[in-house]
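So the structure is just underneath, and the comments pick up after that.
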Amino acid sequence: MLYRRALTRELALTTGAVLTVLMAIAMVILFIRLLGDVARGELANEAVFTFLGFSLLYFLPVLMTIALFAGVLLPLSRMWRDSEMVVWSSAGISLMQWLRPVLAFAVPFSLVILLLTLVLNPWMQTKKAEYRQDLRSRSESSLIAPGLFAESDAGQRVYYVESLNPLTGIVRNVFMQSRIDGQLGLVVAREGYHTELFDGSRYLVFKNGRRYEGVPGQLDYRIVQFERYWMRLDPVDVSAIEPGVRQARPGTLIRDASPPARAELLWRLGVPVSALILAVMAIPISYVNMRSRRSYGLVIALLLYFVYNNLLSLSQAWVAQDKLNPWVGMLAAHLLMGSRQHHPHGKRT
């Protein structure tokens with residue numbers, strides 16, 4: 001019917017626009033956080049965009065849930081404000097008949113969220129952990145942090161850099177002390193960076209500096225002034241990390257009866273279910289009383305979302321601590337929020 005096609009088109013456009021805005025905001029926030037990790041030496045600068053993708057994929061189910069809720073709420077609220085709903089009601093279309101086009105749009109959307117939470121996010125968490133371990137084992141350059149003295153695992157080198165550009169990876173005012181076969185070497189350079197050759201070997205490249213070599217306590221030091229100085233970086237041995245519940249596959253979580261596994265399964269299933277319930281709840285919430293301010297409905301919708309999300313988080317925490325039965329935790333929040341749905345006029349049209 002005409003009203004279904006018009007509503008479905010508007011739902012898709014609004015949801016897509018809201019999701020685009022939310023993803024842009026999330027990317028900016030995550031990018032700033034990752035740059036902070038790089039500045040503190042907790043993350044290699046070359047991994048910023050990779051970790052940005054991992055983090056965005058992790059938060060995507062929640063962003064899609066908010067976008068779906070807003071994508072249903074905003075078009076229906078506009079139709080109430082513009083009196084379109086009154087026209088459709090006069091044509092014999094009840095409020096419950098709007099449920100079918102909303103569900104036709106929300107169910108596939110929720111299935112995509114389910115695919116993300118059950119399959120893609122666990123795979124992403126595994127790849128993220130593997131990539132982080134690979135970065136730590138590549139070279140000692142991951143230990144360098146601006147303003148701090150960093151020592152290699154073997155204790156043969158000590159590094160200090162004054163500043164680091166997170167985007168280019170160039171460090172300024174570099175100091176390095178190395179001890180090889182009892183001989184002390186000091187390198188002072190104006191700037192430096194690390195690079196990788198085609199054979200996989202990695203090097204620190206210092207530019208415009210001096211190297212001092214000699215034996216402590218003796219005066220026969222050798223001073224070499226260089227334009228470029230290449231130093232090979234040996235891989236660092238990093239112990240493997242045992243996979244946790246976040247990396248577990250759905251089948252593993254189902255077979256695992258431990259509270260943390262049950263809590264993780266509750267969250268993975270709860271997010272897509274909450275997206276579907278919120279989409280249905282948006283139908284009665286969208287009602288706009290022309291005598292009240294337009295923002296009241298949005299404020300109520302925002303409060304309901306935060307209450308729902310906090311109930312899910314609280315249920316997950318209690319199940320993980322073995323304070324709540326897993327089945328009760330999985331159903332309580334959804335049943336409670338689903339039971340709050342009612343017609344805004346207090347009766348059916």
Length gained if residue 199 through residue 119 is fully extended, taking 0.36 nm per residue and subtracting the Cα-Cα distance, is 25.3 nm
Taking r as the C-beta separation of residue 310 and residue 172 and R0 as 51 Å, the FRET efficiency to the nearest 0.05 is 0.65
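Coordinate-derived values only; no laboratory data. Keep in mind that what you see is a predicted model, and the values were worked out from it rather than measured. Positions of Cβ are generated from backbone atoms using ideal geometry, with glycine treated the same way; all protein chains shown enter the neighbour counts.
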